[in-house]
Amino acid sequence: MTRQPERIVSYLLTGLALFLHAFYAFHAGGLWRDEANTVALATMPTLHDVWTHLQYDSFPILWLLVVRAFSAFGVIPDLAYRLLGCFVGFSIIAAVWLNARLLRFSVPLVSLALLGFSPTIIWWGDSMRAYGFGICLILLTFGLIWRVVTAPGIGTVTLAAVAALCSVQALYYNAVLLLAMGVAGAVVAVRNRHWKRAFLVLGIGGLAALSLIPYVWTIRGASEWNIIITLPNFDLQRFWIKLSEALSTAGPGLTWAWVGLACVALATVVTTQFRPAAEEEVDRRQAGWYCLISLLISVPAYFVFLKILRYPTNGWYYVALMGFLAMSMDGCLSAWPPRSYPGRGRWILALGVFFWSLLPAWNAVSVRLTSVDIAARTLNEQVTAEDMIIVNPWYVGVSFHRYYHGAAPWNTVPPIRFHAFHRYDLVKEQMTASNPIESLLETINDTLKSGHRVWIVGFLPFQNTGPPPSPLAPAPSDPVGWSEYAYTTTWATQVADFIKRSALKGESFGPLTKQPVNRLEEVSILFVEGWRDPSL
């Protein structure tokens, strides 16, 4: 029987976590560039268009189909998308509770505290990206695979296969986590001499893996341009640094709380194997082994996946792993009977994580994901048809494209011909061109010379006091090779220098909002006017 403190704490954590998700839905503001990318791609005219352009997003097609179905009613306001994201966040918490039943432990505690109050999970799990949806599906698969190991009825096997299939169709990363839980489930089944169950679990994983074959062509298409954003090597040090950043958004040093809990989880599963067990405790111990093996396989497997990918990675790359680890650790810690002294410690650990994370989580749900929507609305009212707008960095143009409807023409640095979603292939095309910003500089000069304004959204490095950098030769050129950052930084500095030599004066707008904004897309507005000969 569940002890009263456990139940009270789990209800408290659930209620507060649900409140944070709901509060965030009404304060996150407009869609930032990655979300705008997803919505623009999902709402292309036909499904064939979506499929053929899938290489320009980071996910398989399932989440795009969800967003497309949601958007089928017409123009959807940002708040509706935020409420959809909130529903996904609620679903993650529901999946944690469901897994507590499927794994036959009392109530979720540590997993609720780790996931329910993590800014990384709230920001990116509730966004219009596939991350939260993928977490929910992989957690559901985690519990159902265990049910296949323990009670493989036709309904259970079918549900587990469908969940596994959907999970890998939501996130590529989930294939790695499915591998971890599949091996873990098979090991426990073999340990108990349930050979058919082991084959069932592995068969479910194999079926899900086969469903990814059609994406070979998508991945091949992306490989033609992603050289400009990949690293020479993704090593273990970078993996640890980036994973730590994702974990520690819930409070300084919380990374070590995750590490400490993982160690306690390991000790719990191992220690309980040497104690006599009542019949009702055997299942809990078996589940502990399943969770521990899943945990131990998932981390190195996830690292290998990212090492092959070689992207620089940000916090959202790790949310699926975070959800999987939190659930696994909770299952491990539940190997002790709830009425034992170690078993009682689980709710104390959960409360410790909760109090550690509460203030950072509260601050996080007050953050806007972008200020580009505010900047676009401001410019919609301020610009004239003869003005010009420059957006830098170029990828901010994705969200600007969604919100700007003013009279003045606009482009990015470098100028590219498509902005609805990220087109790194077009940036690569400019990197291989000679002097791709020449037309942009000519337009700036003509606009200022005719007495009109040039508006800058984002930033340009006007603080550079030295001579402008020399133009880079078409890529790949020594010593920068295919570095997109090197080229875009050089172009931005050249544009800033040209404007300083061409414009007579400039003025910046005040803060666009008093609300804190995600540092990845907090933009400002500056305009310059007047003209002088830049050659003098």
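The Ile154 and Glu245 beta-carbon pair, evaluated with R₀ = 41 Å, returns a calculated FRET efficiency of approximately 0.40.
With an 8 Å cut-off on Cα pairs and a minimum separation of 6 or more residues, tell me the relative contact order of the stretch 176-327 in percent. Worked out over the stretch 176-327, it gives 43 percent. Computed over the alpha-carbon pairs of the stretch 346-460, the distance histogram in 10 Å steps reads 12, 34, 24, 11, 10, 6, 2, 0 percent, short to long. Principal-axis analysis of the Cα atoms of the chain puts helix 279-309 at an angle of about 30° to the longest axis. Taking the Cα atoms of the stretch 419-466, the ratio Rg/Rh between the radius of gyration and the Kirkwood radius comes to 1.03.
So, R0 is 25 Å and r is the distance between the beta-carbons of Leu79 and Leu309; what FRET efficiency does that work out to, to 0.05?
Numbers: r = 34 Å, r/R0 = 1.35.
After rounding, the FRET efficiency stands at 0.15.
Each Cα pair under 8 Å and six or more residues apart adds its separation to the average, and for the chain the resulting relative contact order is 18 percent. For the chain, the longest principal axis of the Cα atoms and the long axis of helix 254-272 meet at an angle of about 20 degrees.
Any chance you could run the full-extension gain for Arg519 through Arg101? It's 0.36 nm times the residue separation minus the Cα-Cα distance, nm to one decimal. Intermediate values should be presented prior to the final figure.
Details: separation 418, 0.36 × 418 = 150.48 nm, distance 3.94 nm.
Taking 0.36 nm per residue and subtracting the Cα distance, the gain is 146.5 nm.
Under the rule a/c < 1.5 gives rounded, and otherwise a/b versus b/c splits prolate from oblate, where does the stretch 374-524 land using the Cα gyration tensor? It is prolate, given that a/c is not under 1.5 and a/b is the larger ratio. Roughly how tilted is helix 173-191, in degrees to the nearest 10 and between 0 and 90, from the longest Cα axis of the chain? The helix 173-191 is inclined about 10 degrees to the chain.
Taking a straight line from the alpha carbon of Lys242, these lysines sit under 28 Å away, with near neighbours fewer than eight places off in the same chain left out: Lys307, Lys428. The relative contact order of the stretch 385-533, computed from alpha carbon pairs under 8 Å that lie at least 6 residues apart in sequence, is 28 percent.
Would you compute, from DSSP H runs of 4+ residues alone, the mean residue ellipticity of the chain at 222 nm, taking -39500 (n - 2.57) per run and dividing by the full residue count, rounded to the nearest 500? Walk me through the numbers before you get to the answer.
Working: 22 runs with 324 residues, N = 536.
Here the helix-only value at 222 nm equals -19500 deg cm²/dmol.
Bear in mind that the values in this text are calculations on the coordinates, not laboratory data. Just so it is clear, the structure is predicted and the values come from calculations on it, not from any experiment. Neighbour counts are summed over all protein chains in view; Cβ atoms, including those assigned to glycine, are modelled from backbone coordinates with ideal geometry.
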